[in-house]
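The values are calculated or read from the model by the stated rules, or taken from the named source; none is laboratory data. It should be emphasised that the depicted structure is a prediction, and the values quoted were computed from it without experimental measurement. Don't worry about glycine lacking a Cβ; one is built from the backbone with ideal geometry, like all the others, and counts go over all protein chains shown. Each accessible area value is taken on the protein alone, full model and side chains, heavy atoms only, with ligands, DNA and RNA left out. Shrake-Rupley method; radii C 1.70, N 1.55, O 1.52, S 1.80 Å.
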Amino acid sequence: MFFFKRRLEKLNKGERTKKFIIEQSSSLFNTNGYKSTSISEIMKATGLKKGGIFYHFDSKDDLAKASFSYSLITLKENYLQAIKYKETANEQFQALTSIFMTLFQNDILVGGCPLMNAAIEADDSKILIEDSIKEGFADLINIIKAIIEFGKSQNEIDKHIDSEQMAVFILSSMEGALVLSRLYKDKRYLDMVIMQIKAILF
C-alpha cells in the first residue's frame with residue numbers, strides 16, 4: 001500500500017511539473033515565437049535543467065505543440081464560459097469581446113492572440129502546429145457563428161445575414177484591430193472595431 005501511495009505521489013508531482021513547464025513555455029512561445037524561443041529561455045523561466053524539461057517532452061517541438069494546445073484550450077474555455085449563461089446574442093457577443101480584449105491586456109494569456117501569432121509565424125517558416133492553428137481558427141469562427149445564429153433565431157440579428165461570412169468578417173476585423181492596439185499600445189483600435197461590428201449586427 002505504501003509503495004503504491006509513493007508511486008501515485010511521484011506521478012502527481014510529475015504531472016504538476018509537466019503542467020508547470022507547459023504554462024511557462026506557452027507565454028514564451030506566444031511572445032517570442034516558436035522558432036525563436038530557446039531551450040535556455042525555457043530553462044530560465046521554469047528553473048529546471050535541460051534534462052528536467054526533456055524528461056517530460058521528447059523534443060522542443062513536442063513541448064511547442066503541448067504549449068500551443070494549452071493556450072488554445074485556455075482561450076476556448078474562457079470564451080465558452082463567458083457566453084454560457086447569457087440570455088441574448090447581444091450579451092453573448094459582449095462577453096466574447098470582453099474575453100478577446102484580455103489578449104490586449106495580457107490578463108489570460110501573455111503575448112496576444114496565440115492563433116494570430118502562430119499563423120503569422122507559420123506563414124514565414126515551417127512550424128509543426130499548422131493543422132492546430134487551422135482547427136483553432138475554425139473553432140473560434142464556429143463560436144461566433146453560433147452567436148449569430150442564436151441572434152437570428154431571437155430576432156436580434158437580421159435573418160438575411162450569412163452567419164459564416166459574418167463570423168469570418170468579425171474574427172478577421174478583431175484580430176486586425178488587436179494587432180494595431182498591441183502595436184500602438186492603445187486599445188481604442190479594438191474599441192472602434194468592436195463598436196462598428198455591434199452596429200452592423202444589432
Original post:
Of all the accessible heavy-atom surface of the chain, with the other protein chains kept in place and a 1.4 Å probe, what percent is carbon and sulfur?
Top reply: 54 percent
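Over the Cα atoms of the range 103-202, Rg to Rh with Kirkwood Rh, two decimal places?
Working: Rg = 14.9 Å, Rh = 14.7 Å.
Answer for the range 103-202: 1.01.
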**OP:** Can you find, among G111, L63, Q196, the residue farthest towards the positive end of the dipole of the chain? Put +1 on the C-beta of Lys and Arg, -1 on that of Asp and Glu.
**Re:** L63
Original post:
Which entry in (1) 16.0; (2) 10.7; (3) 14.0 matches mean projected area of the Cα convex hull in nm² derived from the coordinates of this structure?
Top reply: (3)
**OP:** Kindly express, to the nearest 10 degrees and within the range 0 to 90, the angle between helix 89-105's C-alpha long axis and the longest C-alpha principal axis of the chain.
**Re:** 50 degrees
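For the chain, what is the calculated [θ] at 222 nm in deg cm²/dmol (nearest 500), taking -39500 (n - 2.57) for each run of four or more DSSP H residues and dividing by its residue count?
Numbers: 9 runs with 156 residues, N = 202.
That comes out to -26000 deg cm²/dmol.
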Subject >> Cross-link partners of K159 among lysines (Cα-Cα below 25 Å; sequence separation of 8 or more within a chain) >> reply: K84, K86, K145, K198
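Between D58 and I108, how high is the FRET efficiency from 1/(1 + (r/R0)^6) when r is the Cβ-Cβ distance and R₀ = 25 Å? Nearest 0.05. If you can, show how the numbers build up before the last one.
Numbers: r = 28 Å, r/R0 = 1.13.
The value I calculate is 0.35.
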**OP:** Return one whole number: the accessible area per residue of the chain in Å², for a 1.4 Å probe.
**Re:** 58 Å²
Original post:
Of M166, M195, which has the most accessible area and how do the rest follow, probe 1.4 Å?
Top reply: M195, M166
Original post:
With charges set only on the Cβ (+1 for Lys and Arg, -1 for Asp and Glu), what does the dipole of the chain come to about its Cα centre, in debye to the nearest 20?
Top reply: 1180 debye
Original post:
Against the longest principal axis of the chain, how steep is helix 114-124, in degrees 0 to 90 to the nearest 10, with axes from Cα atoms?
Top reply: 80 degrees
**OP:** Give me the percent of Cα-Cα pairs in the range 42-127 that sit more than 18 Å apart, rounded to a whole number.
**Re:** 57 percent
Original post:
Of F93, S40, G151, which is farthest along the charge dipole of the range 28-162 in the positive direction, counting Lys and Arg as +1 and Asp and Glu as -1 at C-beta?
Top reply: S40
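Quick check: convex hull of the Cα atoms in the range 119-159, volume per residue, rounded to a whole Å³? Please report the intermediate quantities before stating the final value.
Working: hull volume 2.7 nm³, N = 41.
Cα-based convex hull of the range 119-159, divided per residue, equals 65 Å³.
Find the relative contact order for the chain and round it to a whole percent, using C-alpha pairs within less than 8 Å whose residues are 6+ positions apart. If you can, show how the numbers build up before the last one.
Details: 172 pairs, mean separation 37.3, N = 202.
Result for the chain is 18 percent.
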